[in-house]
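A.B. asks: For reference, the structure I am asking about is given below.
Just so it is clear, none of the values below were taken in a lab; they were calculated from the coordinates. If you're wondering where the values come from, they're calculated on a predicted model, not measured in any experiment. FYI the Cβ positions are ideal-geometry reconstructions off the backbone, even for glycines, and counts take in every protein chain you see.
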Amino acid sequence: MIDTLRLTAEDAAGLLERGEASGDELAGAYLDAIEARDPELHAYLHVVGEQGEGVPIAHKDVITTKGIPTTAGSKILLGYTPVFDSTVAARCKEAGLPILGKTNLDELAMGSSTENSAFGPTRNPWDPERVPGGSSGGSAAAVAGGLAPWALGTDTGGSVKQPASLCGVVGLRPTYGTVSRYGIVAFASSLDQVGPLTKTVRDNARLYEIIAGQDPCDSTTVELPEPVAIPEGEDLTGVRIGVPKEMNEAEGIDPGVSASVNAAIRLAEELGADVEETSLPRSVDYGLACYYLVAPAEASSNLARYDGVRYGHRAAVDGDLTALYARTRWEGFGAEPKRRILLGTYALSAGYYDAYYGQAQKVRTVIAREHAAAFERFDVLVSPTSPTVAFRIGEKAENPLAMYLSDLLTIPANMAGLPGLSIPCGLSDGLPVGLQLIGPQFSENALFRVGHALERALGFDFVPERLR
Amino acid sequence: MAITREDVLHVAALARLEIPEGEVEGVREQLGAILEAVGKVSELDLADVEPTSHPLDLVNQWAEDEPRPSLPREEALANAPDPADGSFRVPAVGG
């Protein structure tokens, strides 16, 4: 009997290598778990159940998969079946990972709770009355709920790190440019990155190793400066950890979240790290505003492709081409994408460009410089991943600005193109708390090392209490 | 600065979004609230700061100009809502 709640991807690979389970038996165990628990959790939009000899995987439904429907959680792509594979899907395929299915998300990756999905919310395996975070909430819930050994998500403002935090799993947002965006349904191109969601840091490093590297189909990708190192040690001697006070004392951080994070920081010190307070004054104060100008501006341009002509939804309209576009787009997009398209178009429009988009790009420079200065003294910066634990479904759905605050602490590093790893570091009110580790560009190996050491020392049990 | 009804309709036209009449005011209120929040970026004096449009220090990466196979026409049209004669059919343009 394979316990999918407990099994890590490395455990699963071990079963296959030792011949203790076949690929079909392994995938079958996950499909059984999906049948048992996904009616409640709704982590999947589309279950595929491919046969294969490797460790199966779930892909967020913005990851283009040839011959498998890809909706991005939007009615505007309902019925769309891609005729090509994204690079990450192709790399997973080459590595022999069969696809379990496509996971739910906030529509077009815009949101922090998965409630913006046009196909209904995903529920948090720790408490089905609560959100799994977002936008990669389906991938996080699938891993936490034992419905996939590992999964891919995408992260623009925090969409891998934040759901990882809320579901008690490990999530990596890699350095911008290390993972190809070819075939990823685009949201904000200077920010979007694909990242792994896993039960352990070692699993995460293994999946990152599969997907990372330069791709001729994405000219923003680069070769990794060093190979991925699967972390082993538990010693943090010599690691310099900075604790930015604004990111650890920001208004709105739950006391229970702070307590867990502070305990993890003390543990890092016991493991040999040098821990010191530091400061990122403007990154936290201005990061959110900067992000909610840059990302919608890029989205308004990217989403122009949905025209009702080449693929996806098309409105029935008696009128000219412009009327067809305008009706198709109003009908096909949900509230949040429309809000962001309008906001982004406004920020880019004549008369407002300099004050909004242009100014936000300059703030982005300020944020990058503040981080670069901190990394002259530190190897890693730490903070809570999200200010709160998983919130109740519906709690923030009517208030976009309250929802946006959920990404307050993940956004600054993303604006600077930096990698970030979220690992579970404890519980608050019975719900997981995430610790965010940020490093300089291309420091994934350092993040894996610190994350792995802390994971071992913390001994967090990633199986949701109610499912044990 | 408050966003007006005319601003909303202008931006919606630019974005090719047909807002139903009854929803314009709601959109205006929400956009206004968000613009007020993001307008915080103007508090900083950044006259001498260069803008960042891309997080990596990359200069153009060129690909070799080599022909590669592309999608066959029928595959490119496979998801089109209204294909006709090997093309995408659209309503009359101009006219």
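A.B. asks: Among A:Val389, A:Val363, which comes first, then next, by fewest other beta-carbon atoms within 10 Å? Don't jump to the answer; show the numbers that get you there.
C.D. replies: Details: A:Val389 26, A:Val363 29.
Placing the least packed residue first, the sequence is A:Val389, A:Val363.
A.B. asks: Taking +1 at the Cβ of each Lys and Arg and -1 at the Cβ of each Asp and Glu, which of A:Val382, A:Pro419, A:Gly54 sits farthest along the dipole of chain A towards its positive end, judged by Cα position relative to the Cα centre?
C.D. replies: Ranked along the dipole, the leading option is A:Pro419.
A.B. asks: Per DSSP helix of 4 or more residues, -39500 (n - 2.57); summed, then divided by the residues of chain A. What does that give at 222 nm, rounded to the nearest 500?
C.D. replies: Details: 15 runs with 171 residues, N = 468.
Result for chain A: -11000 deg cm²/dmol, rounded to the nearest 500.
A.B. asks: Would you mind checking which residues have amide H under 5 Å from A:Ser349's amide H? H placed 1.01 Å from N; only 5 or more apart, or other chain.
C.D. replies: none
A.B. asks: Grab the eigenvalues of the alpha-carbon gyration tensor for the stretch A:1-142, scale each by 5, take roots, and send me the semi-axes largest first in whole angstrom. It would help to have the intermediate numbers written out before the result.
C.D. replies: Working: eigenvalues 124, 72, 25 Å².
Rounded to whole Å, the semi-axes are 25, 19, 11.
A.B. asks: For the pair B:Glu36 and A:Ala95, what calculated FRET efficiency results from E = 1/(1 + (r/R0)^6), where r is the Cβ-Cβ distance and R0 = 45 Å, to the nearest 0.05? Before the final figure, lay out each step's value.
C.D. replies: Numbers: r = 48 Å, r/R0 = 1.06.
Efficiency, from the Cβ-Cβ distance: 0.40.
A.B. asks: Need one number: % antiparallel among DSSP beta bridges in the stretch A:1-120, to the nearest 5.
C.D. replies: Values: 4 of 8 bridges.
Counting DSSP beta bridges with both partners in the stretch A:1-120, the antiparallel share is about 50 percent.
A.B. asks: What does the structure give for A:350-362 when I average, per residue, the other chain Cβ atoms found within 10 Å of the residue Cβ?
C.D. replies: Details: counts 1, 1, 5, 0, 1, 4, 5, 3, 3, 10, 5, 8, 10.
The shielding value for this peptide is 4.
A.B. asks: What FRET efficiency do you get for A:Ala323 and A:Tyr353 if R0 is 25 Å and r is their Cβ-Cβ distance, rounded to the nearest 0.05? Walk me through the intermediate numbers first.
C.D. replies: Working: r = 28 Å, r/R0 = 1.10.
After rounding, the FRET efficiency stands at 0.35.
A.B. asks: Using a 10 Å cut-off around each Cβ, can you sort A:His452, A:His46 from fewest to most neighbouring Cβ atoms?
C.D. replies: Numbers: A:His452 23, A:His46 17.
The most exposed by this proxy come first: A:His46, A:His452.
A.B. asks: For the stretch A:311-467, just say rounded, prolate or oblate: build the C-alpha gyration tensor, square-root its eigenvalues into a ≥ b ≥ c, call rounded for a/c under 1.5, and beyond that prolate if a/b exceeds b/c, oblate if not. Kindly include the intermediate steps, with their values, before the conclusion.
C.D. replies: On the way: a/c = 2.69, a/b = 1.54, b/c = 1.75.
Cα axes put the stretch A:311-467 in the oblate bin.
A.B. asks: To continue, here is another question. In terms of the ratio Rg/(2.2 N^0.38 Å) built on C-alpha atoms, what value belongs to chain A?
C.D. replies: Against the empirical 2.2 N^0.38 Å value, I get 0.91 for chain A.
A.B. asks: Okay, moving on. What are the trypsin sites (Lys or Arg not before Pro) within the stretch A:95-155 that DSSP puts in a loop, where the Cβ has at most 16 other Cβ atoms within 10 Å?
C.D. replies: Sparse-neighbourhood loop trypsin sites (Lys or Arg not before Pro): none present.
A.B. asks: Once you average over the residues of A:329-335, how many Cβ atoms of partner chains fall within 10 Å of each Cβ?
C.D. replies: Going residue by residue through A:329-335 and averaging, the value is 3.
A.B. asks: Calculate one ³J(HN,Hα) per residue across the stretch A:422-435 by plugging θ = phi - 60° into the Karplus curve 6.51 cos²θ - 1.76 cosθ + 1.60, and present them in order as whole Hz with x for glycine and proline.
C.D. replies: Listing the rounded values in order: 9, 10, x, 10, x, 10, 9, 6, x, 10, x, 10, x, 9 Hz.
A.B. asks: A further question follows. Over the Cα atoms of the stretch B:1-70, each weighted equally, I'd like the Debye log10 I(q)/I(0) at q = 0.11 Å⁻¹, rounded to two decimals.
C.D. replies: Debye intensities relative to I(0), on a log10 scale: -0.58.
A.B. asks: Follow-up question, since we're still on this one. Once you list every other residue whose beta carbon is under 10 Å from the beta carbon of A:Tyr291, what net charge do they have if Lys and Arg are +1 and Asp and Glu are -1? Provide the component values of the computation, followed by the final result.
C.D. replies: Working: positive: A:Arg364; negative: A:Asp407.
So the surrounding residues net to 0.
A.B. asks: Averaged over peptide A:409-418, how many Cβ atoms belonging to another chain are found within 10 Å of each residue's Cβ? Before the final figure, lay out each step's value.
C.D. replies: Working: counts 0, 0, 0, 0, 0, 1, 2, 2, 5, 1.
Per-residue shielding by partner chains comes out at 1.
A.B. asks: Using per-residue counts of other Cβ atoms within 10 Å, averaged over each peptide, order A:309-321, A:109-121, A:10-22 from highest down.
C.D. replies: Values: A:309-321: 16.6, A:109-121: 25.6, A:10-22: 14.3.
The packing order, highest mean first, is A:109-121, A:309-321, A:10-22.
A.B. asks: Relative to the compact globular guide of 2.2 N^0.38 Å, what is the alpha carbon radius of gyration of the stretch A:76-120, as a ratio? It would help to have the intermediate numbers written out before the result.
C.D. replies: Numbers: Rg = 13.0 Å, N = 45, 2.2 N^0.38 = 9.3 Å.
Dividing the Cα radius of gyration by 2.2 N^0.38 Å gives 1.39.
A.B. asks: Please go through the stretch B:26-95 and write out the trypsin sites (Lys or Arg not before Pro) that DSSP classes as loop and that have at most 12 other C-beta atoms within 10 Å.
C.D. replies: Numbers: sites: B:Arg28, B:Lys40, B:Arg73, B:Arg89; in loops: B:Arg89.
Those that pass, being in a loop and sparsely packed, are B:Arg89.
A.B. asks: For the stretch A:127-255, I need the span (max minus min coordinate) of the C-alpha atoms along each principal axis, in Å, sorted largest to smallest.
C.D. replies: Here the spans come out as 46, 40, 30 Å, largest first.
A.B. asks: Using the 10 angstrom Cβ neighbour count as an exposure proxy, how do A:Cys217, A:Cys92, A:Cys290 rank, fewest first? All intermediate terms of the calculation are to be shown ahead of the outcome.
C.D. replies: Values: A:Cys217 14, A:Cys92 26, A:Cys290 29.
By the 10 Å Cβ count, ascending: A:Cys217, A:Cys92, A:Cys290.
A.B. asks: For the stretch A:212-270, give the magnitude of the charge dipole about the Cα centre (Cβ charges: +1 Lys/Arg, -1 Asp/Glu; no others), in debye to the nearest 20.
C.D. replies: Taking the Cα centre of the stretch A:212-270 as origin, the dipole is about 200 debye.
A.B. asks: About the Cα centre, and with charges only on the beta carbon of Lys, Arg (+1) and Asp, Glu (-1), how big is the dipole of the protein assembly as shown? Nearest 20 debye, please. Walk me through the intermediate numbers first.
C.D. replies: Values: 46 positive and 80 negative charges, 138 e Å.
Computed about the Cα centre, the dipole is about 660 debye.
A.B. asks: Kindly provide the Kirkwood hydrodynamic radius of the stretch A:61-189 in Å, to one decimal, from all pairs of distinct alpha carbon atoms.
C.D. replies: Values: mean 1/r = 0.0696 Å⁻¹.
Taking every pair of different Cα atoms in the stretch A:61-189, averaging 1/r and inverting gives 14.4 Å.
A.B. asks: What angle do you read, to the nearest 10 degrees and between 0 and 90, between the alpha-carbon axis of helix B:5-14 and the longest principal axis of chain B?
C.D. replies: 20
A.B. asks: Based on DSSP H assignment, which helices of chain A show an axial Cα extent of at least 18 Å together with a mean Kyte-Doolittle hydropathy greater than or equal to 0.5?
C.D. replies: Details: long enough: A:23-41 (26 Å, -0.32); A:255-270 (22 Å, 0.33); A:281-302 (32 Å, 0.04); A:335-348 (20 Å, -0.06); A:359-374 (23 Å, -0.34); A:444-458 (20 Å, 0.05).
Answer set is empty.
A.B. asks: Against the longest alpha carbon principal axis of chain B, how many degrees, from 0 to 90 and to the nearest 10, is the axis of helix B:24-38 turned?
C.D. replies: On a 0 to 90 degree scale, this one is about 70.
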